Amino acid sequence: MNIILNKLTAEEYLFMHELVGFYLYPVEDVVSALEQDVLDVKVFYEKQLVGIGRVVGDSRIVFFLKDIIVHPKYRNKGVGTIVVNTLLERIRLICCDHAYVGLMSTVGAEGFYEKFGFITRPNNHFGSGMVMFVEK
């Protein structure tokens, strides 16, 4: 596996989104978003893009894992683990003590993220994670 940091292109992002049925944003919006990433990673197996992931946030206290996508043909082969471990290792290099790392899991993937120490919400200490999509 070949791991490349901070070189994710809009075309690669949209390719992976399309593969898994995620929303396809206009390319100019993707370009702008990727320029604001705290960091990103892409993983190739031979010449095939097999995984991507992004981190957005303030680069110190708050980080959100976003767009953790594994090519459907390469699932359960360790690609997702490589993506998440790479992002978490890089976060640890720049974060302050007690930094917050969050994500919004797709349905059924919660157990995968729990292996890295993420906790499912709601629980006795934290309410539900929430999201809103803004339509213009």
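Please verify whether the stretch 95-107 includes one or more residues that are more than 25 Å from VAL31 (Cα to Cα), charged (D, E, K, R) and out of contact with any Phe, Trp or Tyr (no Cβ under 7 Å at 6 or more places or on another chain).
Yes, the stretch 95-107 contains at least one residue that is more than 25 Å from VAL31 (Cα to Cα), charged (D, E, K, R) and out of contact with any Phe, Trp or Tyr (no Cβ under 7 Å at 6 or more places or on another chain).
Looking at the stretch 17-45 only, could you name the residues that are in contact (Cβ under 8 Å) with a residue 40 or more places away in the chain, out of contact with any Asp or Glu (no Cβ under 9 Å at 6 or more places or on another chain) and open to solvent by less than 60 Å² (accessible area, probe 1.4 Å)?
VAL20, LEU39, VAL41, VAL43, PHE44
What about ILE52, is it closer than 17 Å to LEU103 by Cβ, open to solvent by less than 10 Å² (accessible area, probe 1.4 Å) and not acidic (Asp, Glu)?
yes
Go over the candidates GLY57, GLY78, GLY102 one by one and state the one that is open to solvent by 40 Å² or more (accessible area, probe 1.4 Å), of a type outside the set (A, V, I, L, M) and under 26 Å from GLY21 (Cβ atoms). Spell out how you get there, then give the answer.
Details: GLY78 fails: open to solvent by 40 Å² or more (accessible area, probe 1.4 Å); GLY102 fails: open to solvent by 40 Å² or more (accessible area, probe 1.4 Å).
None of the other options fit; the residue is GLY57.
Condition (residue is in a helix (DSSP H, G or I) and at negative phi) applied to the stretch 55-72: is it met by at least one residue? Spell out how you get there, then give the answer.
Step one: filter the stretch 55-72 for residues in a helix (DSSP H, G or I), giving 72.
From what's left, at negative phi: 72.
The answer is yes; a qualifying residue exists.
The values are calculated or read from the model by the stated rules, or taken from the named source; none is laboratory data. This structure is a prediction, so every number in the text was calculated from the model and none was measured. Cβ coordinates were reconstructed from backbone atoms using ideal geometry, including for glycine residues, and neighbour counts include every protein chain displayed. Quick note on the areas: whole protein, heavy atoms, side chains included, nothing else; ligands and nucleic acids left out. Shrake-Rupley method; radii C 1.70, N 1.55, O 1.52, S 1.80 Å.
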